[in-house]
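Taking it in order: structure first as structure tokens, then the write-up.
The values are calculated or read from the model by the stated rules, or taken from the named source; none is laboratory data. Model, not experiment: these values are computed from the prediction. Note that we place each Cβ from the backbone using ideal geometry, even for glycine, and neighbour counts take in every protein chain shown. Just the protein is used for accessible areas: all its heavy atoms, side chains included, with ligands, DNA and RNA removed. Shrake-Rupley method; radii C 1.70, N 1.55, O 1.52, S 1.80 Å.
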Amino acid sequence: MENLQDGKQRDLSKNKSDSTNKFLTTDQGVKINDDNNSLKAGERGPSLLEDFILREKITHFDHERIPERIVHARGSGAHGFFEVTTPIPELTKAGFLQEAGMKTPVFARFSTVAGSRGSSDLARDVRGFSVKFYTQQGIYDLVGNNMPVFFIQDASKFPDLIHAVKPEPHNEMPQAASAHDTFWDFISLMPESMHMIMWIMSDRALPRSLRMMEGFGVHTFRLINEANESVFVKFHWKPKLGTHAVAWDEAQKISGKNSDFHRQDLWEAIEMGNFPEWELGVQIIPTSDENKYEFDLLDPTKLVPEELVPVTIIGRMVLNKNPDNFFAETEQIAFHPGHVVPGIDFSNDPLLQGRLFSYTDTQLSRLGSPNFHEIPINRSIAPVHNNQRDGHMRQEINIGRVSYQPNSLGGGCPYQAKISEGGFTSFNERIDAYKIRQRSESFNDHFGQAKLFFNSQTSTEKSHIVKALRFELGKVETMAIRIRMLGLLSKVDKVLAEKVAIGIGSTIPPVLETPLNHGVSPENEMGTQESTTVEQSIAASDALTMLKNPTNTSTIASRKVAIICDNGVSEVCILKMKNALLKEDANGFIIAPHLGSITTDEKVAVAVDFSLLTASSVLFDAVYVPHGLEINAIAENDDVSEFLNDAYKHCKVIGADGQAIKVISAVPFASKIKNSDDGIILTNEIASEGFVQQFITAMGKHRFWEREVNLYK
Ligand code: HDE
């Protein structure tokens, strides 16, 4: 077994291939003498079937693609480690959670859900947040999302949900978007989705960075200790950089300017040593409290408010190495919520139970063989011995004649492990029940937590939800669907529904349909469900907002500032800003009308990072226009104007000093600037220390949403 307790990367060196200073060969190891010309009968003659080099190369190429994931196809990942900070041996016997300082190698993959592999990172979507722990007791996968609840309560609805959200089957449109009829048709008939709809219409669906989003295990799981006692647990990842979002208009523009925005951000942060970090927290619920709450712990459309059960931090995850090869690692990694180690177990959440079937099944078609566990990225560091044999692409060479159990010829090996020897056992839960197809009445509340989420939001965030719904339902063509949605929204919040209704030119229906009767014949009422609202014991929770989220900090680490420059710009201003940003682990980039270099007021050539053609405000967190700019050249440049306007529109910090403040006054938004706007920092002074500090402090507030028209007020 590899000794990885010190958190070292797993040793994949045997599988790595480095071609530096090596000969080109065929797959059979034969050196190739000519890779540019196929074997032909004469210079101008036909190619020969005999050309095994050409055939091998093209055959391999023809089979290069594997099926993309049915959901979560678009993803990016990285290696790192998990370190225990507060061990919990009294709650779980999971080996990797036993001692403070214990490190376990991990690979994390973040993803969108609806889009294809090549779709934009910035779709309005829930993000997958999957972590594979390579523990000494075997693989543990925590396969979660960046939202703590889900659309549906039962696994049987998952294919329907995904069919509804994916591009419509007749014309394969739209890509990576929920703003279309089939999605909202389904949702408008599924009131259980209303809580998740609030999340997905909120800014949580538009992360600024994969490094700035929370993660959740979603379902209730179980922990089991040495004494075989169990508690329920909810898992939380809390990002060190806080939880932040971009604006919807910005997200759409980013999709055009750089559809790899999140992927690149993650990659660059790791390359630059700004290692993304999250704390792992647990909410522990004693089994005796199982029925204590106004919601059912087994219902995945519900969360456990942190006010009722606080989150205890038990460890941290740091991602510190990019993959060597996207396909081999990020694409071939195979997660499964059923990959658990002794000490962790499942609850009876019917969505989780369905997932326990799905993931191995999907790997069989995606990776093509039951031997996907042998692919290097999926391999356990704990030894693997069993009687599973053969199959496509088997790597292991099992020796001996015994592949069955019980056996005497192999001395009874491999042995079953007793519990005391680390053998996995499921929690000994007593079940005495009828076999039925029915939901528990305790799952009937579809609006209580949707209201809790909405009521927890700041006015700005509520306004964003109104806008998101206006956008999404505004793209729905079927009037009846829009109206059904307004009916459901009015059960969450009357004002929300009214504001959305104005935006889409419809009215709230006076009587709501009973949606779940759709698809059920009148004779067969089995499976239909009451849709109710249960008053929640807390009115609001700051943990549910992004803007008041207790995890947020004013750090600007790894944030990017665009410094708009041209010849004649003040060198001292640029340097002051760049150095001050570096001290905060942030970066300033020189943007100019052309690539190459510009000449400062001190006649020094400064390298340009991006031209105005390839850069855009939406790719940066703030903009600085330094003193010394040739005002006319730059102020008359439409690209600069658009750059600054977008920065203003997306509520970012804009700073200008010296004569550069004239540039600001020349762009269209200038007339809108309010004195109270702390995000617009203008000074006549040149290279003032105070100005730079004010700029950085303002960046720590991230966005100045007060600039927007608030649709919820
Ligand atoms: Fe998944 N899900 N899922 N899911 N899921 C997959 O497995 C499925 C659900 C999640 O980075 C698939 O390997 C069913 C909830 C993530 O590789 C597939 C149901 C949550 C990822 C599958 C759910 C998730 C997947 C597709 C309802 C949040 C990406 C490719 C019963 C807790 C993992 C694959 C990665 C991937 C099935 C519901 C998270 C088809 C049937 C709830 C993060 O097996």
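Mind putting a number on the dipole of segment 560-707 about its Cα centre? Charges go on the C-beta only, +1 for Lys and Arg and -1 for Asp and Glu, and I need it in Debye to the nearest 20.
So the dipole magnitude of segment 560-707 works out to roughly 400 debye.
If you place +1 on the Cβ of every Lys and Arg and -1 on the Cβ of every Asp and Glu, how big does the dipole about the Cα centre of the chain come out, in debye to the nearest 20?
Values: 73 positive and 92 negative charges, 54 e Å.
Dipole magnitude for the chain comes out near 260 debye.
Between GLU685 and ASP585, what FRET efficiency follows from the Cβ-Cβ distance if R0 is 25 Å, with the result rounded to 0.05?
Efficiency at R0 = 25 Å is approximately 0.45.
Classify segment 1-149 as rounded, prolate or oblate, taking a ≥ b ≥ c as the square roots of the eigenvalues of its Cα gyration tensor: rounded when a/c is under 1.5, otherwise prolate if a/b is larger than b/c and oblate if not. Each step should come with its number before you reach the end.
Details: a/c = 4.08, a/b = 1.91, b/c = 2.14.
Judged from the Cα gyration tensor, segment 1-149 comes out oblate (a/c at least 1.5, b/c at or above a/b).
What is the antiparallel percent of DSSP beta bridges lying wholly in segment 560-707, to the nearest 5? Walk me through the intermediate numbers first.
Working: 3 of 21 bridges.
Taking every DSSP beta bridge with both residues in segment 560-707, the antiparallel ones total about 15 percent.
Could you point to the residue in PRO191, VAL246, PHE235 farthest towards the positive end of segment 188-288's charge dipole, with +1 and -1 charges on the Cβ of Lys/Arg and Asp/Glu respectively?
PRO191
Of the beta bridges DSSP finds with both residues in the chain, what % are antiparallel, to the nearest 5? Show your work: numbers first, answer last.
Numbers: 62 of 82 bridges.
DSSP beta bridges in the chain are roughly 75 percent antiparallel.
Pop a pseudo-label 7 angstrom from the Cα along the beta-carbon direction at both GLU268 and LEU48 and give the gap in nm to one decimal.
5.2 nm
Test of understanding: what is the full-extension gain from ALA605 to SER506, defined as 0.36 nm times their sequence separation minus their Cα-Cα distance? Walk me through the numbers on the way to the answer.
Numbers: separation 99, 0.36 × 99 = 35.64 nm, distance 5.90 nm.
Length gained, ALA605 through SER506: 29.7 nm.
Of all accessible surface on the chain at a 1.4 Å probe, what whole percent is carbon and sulfur? Numbers along the way, then the final one.
Values: 17130 of 32940 Å².
The C+S portion of the solvent-accessible surface of the chain is 52 percent.
Given LYS166/LYS292; LYS491/LYS548; LYS132/LYS238; LYS132/LYS475, which pairs have Cα atoms separated by over 29 Å? It would help to have the intermediate numbers written out before the result.
Numbers: LYS166/LYS292 38 Å; LYS491/LYS548 25 Å; LYS132/LYS238 17 Å; LYS132/LYS475 38 Å.
Pairs exceeding 29 Å: LYS166/LYS292; LYS132/LYS475.
Accessible area per residue, 1.4 Å probe, Å², for segment 406-476: what's the number?
Details: 4310 Å² over 71 residues.
I get 61 Å² per residue for segment 406-476.
Among VAL492, MET147, ALA615, pick out the residue whose Cα is farthest towards the positive end of the charge dipole of the chain, where Lys and Arg carry +1 and Asp and Glu carry -1 on C-beta, about the Cα centre.
MET147
Only Lys, Arg, Asp and Glu count, each charged at its Cβ (+1, +1, -1, -1), so figure out the dipole size of segment 1-103 about its Cα centre, rounded to 20 debye.
100 debye
What area, in nm² and to one decimal, does the C-alpha convex hull of segment 560-707 cast on average over all directions?
Values: hull surface 30.1 nm².
Result: a mean projected hull area of 7.5 nm².
7 Å from Cα along Cα→Cβ at both GLU530 and ARG379: what's the point-to-point distance in nm?
5.7 nm
If the chain between GLU441 and GLU172 were fully stretched, how many nm would it gain, using 0.36 nm times the residue separation less the Cα-Cα distance? Before the final figure, lay out each step's value.
Numbers: separation 269, 0.36 × 269 = 96.84 nm, distance 3.81 nm.
93.0 nm is the gain from fully extending GLU441 to GLU172.
What FRET efficiency, computed as 1/(1 + (r/R0)^6) with R0 = 22 Å and r the Cβ-Cβ distance, is obtained for ILE162 and LYS475, rounded to the nearest 0.05? It would help to have the intermediate numbers written out before the result.
Values: r = 19 Å, r/R0 = 0.87.
After rounding, the FRET efficiency stands at 0.70.
Per 5 Å bin from zero, what fraction in whole % of the C-alpha pairs of segment 271-399 is there, up to the bin with the longest pair?
In whole percents, the pair-distance histogram is 2, 7, 12, 15, 16, 15, 13, 11, 6, 2, 1, 0.
Considering all projection directions equally, how large on average is the shadow of the alpha-carbon convex hull of the chain, in square nanometres? Mind dumping the intermediate values first?
Working: hull surface 159.4 nm².
Approximately 39.8 nm², given one-decimal rounding.
Can you figure out the FRET efficiency of VAL402 with ASN428, using R₀ = 35 Å and their beta-carbon distance, to the nearest 0.05? Mind dumping the intermediate values first?
Working: r = 32 Å, r/R0 = 0.90.
Efficiency computed from Cβ-Cβ geometry: 0.65.
Which value in deg cm²/dmol, rounded to the nearest 500, describes the helix-derived mean residue ellipticity at 222 nm for the chain, given -39,500 (n - 2.57) per DSSP H run of n ≥ 4 and division by the residue count? Show your work: numbers first, answer last.
Numbers: 16 runs with 169 residues, N = 713.
Mean residue ellipticity at 222 nm (helix-derived): -7000 deg cm²/dmol.
Among GLY679, GLY588, VAL667, which residue has its Cα furthest toward the positive end of the charge dipole of segment 560-707, with +1 on Lys/Arg Cβ and -1 on Asp/Glu Cβ?
GLY679
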